[in-house]
Amino acid sequence: MIEINPNQVTPAFRCLFDWSVPTGVRCYAFLGGGNAGKIFTDDLQHPRMGYVWEQDDGNFYQGGVRDWQVVRQMVEMLRQEGTVALGFRDGDPSVDLFPPDPKAGAECVELDRPVRGSDLSLYLSLPAGYEVCRMGRDLIMRSPHLDATLSRYGNLDTFLETGLEVCILHGDEFVCEASADMDVGR
């Protein structure tokens, strides 16, 4: 397998991946240059298989032809760098082919929400002394979650270019933070 970087991702490579897999939108966010991680392919010009590993949560995505021997090798290699999480849905027969000896298991619930389909304006009223602020360089550098943000995006400049994070402040004190993954396909 050949390791490539996001600026080498071609439309043919991107087409190997399926939006409908668990957390698939995060794969496309990574391919767009947002999150930190690694990308692998069998052939840069004519890819038949591709793998994406998102460093922050460890999500591992397979695209194109599936070769479980290669998957096992990739998982073994990437486990040296961090968590490797293989997503699946209940009843997925490929689970029997996953690499052996998982160190953990987890469940998540995916909620589909239409783009621009939620009006949260009713919840935007804050008590006196509180304010919602978009996180820019100054605020993110003071954030109690700076390390997590840098882990997800790889570095501060990538966060500032592609991330969306807001916080609620009470004076200079952080009350809470919320973020969205990067824009994918508008």
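Residues checked against (1) at pLDDT below 90; (2) of a type outside the set (Val, Ile, Thr); (3) more than 26 Å from Thr162 (Cα to Cα):
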| site | (1), (2), (3) |
| --- | --- |
| Trp53 | no, yes, no |
| Phe60 | no, yes, no |
| Leu78 | no, yes, no |
| Leu97 | yes, yes, yes |
| Ala106 | yes, yes, yes |
| Glu110 | yes, yes, no |
| Leu126 | yes, yes, yes |
| Gly136 | no, yes, no |
Of the conditions (1) part of a strand (DSSP E or B); (2) modelled with pLDDT of 90 or more, Ala178 satisfies every one except a single condition; which number is it? (2)
State all residues of region 34-60 that are basic (Lys, Arg) and not in a strand (DSSP E or B); if no residue qualifies, say none. Arg48
So which residues in region 24-47 are more than 18 Å from Ser151 (Cα to Cα) and among the polar types (S, T, N, Q)? Thr41, Gln45
Take the residues in region 61-77 that are of a type outside the set (A, V, I, L, M) and outside any strand (DSSP E or B), then tell me which one is surrounded by the fewest Cβ atoms within 10 Å (Cβ to Cβ). Gln69
Examine region 19-33 for a residue that is surrounded by fewer than 16 Cβ atoms within 10 Å (Cβ to Cβ), part of a loop (DSSP other than H, G, I, E, B) and without any contact (Cβ under 8 Å) to a residue 60 or more places away in the chain, and state whether such a residue exists. yes
Qualifying positions in region 1-20 - modelled with pLDDT of 85 or more, within 18 Å of the chain's Cα centre (by Cα) and over 24 Å from Phe159 (Cβ atoms): Phe13, Cys15, Leu16, Asp18
What pairs come up if the first residue lies in region 1-18 and is in a helix (DSSP H, G or I), the second is of a type in the set (Ser, Thr, Tyr) and at pLDDT below 90, and their beta carbons are under 8 Å apart, counting only those six or more places apart or on different chains? Arg14/Tyr28
Quick one: Glu161 ticks every box in (1) modelled with pLDDT under 90; (2) more than 30 Å from Gly82 (Cα to Cα); (3) not hydroxyl-bearing (Ser, Thr, Tyr) bar one, so which box is it? (2)
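The values are calculated or read from the model by the stated rules, or taken from the named source; none is laboratory data. In this text the structure is predicted, and so the values were computed from the model without any measurement. All Cβ positions, even for glycine, are placed from backbone atoms using ideal geometry, and neighbour counts span all protein chains on display.
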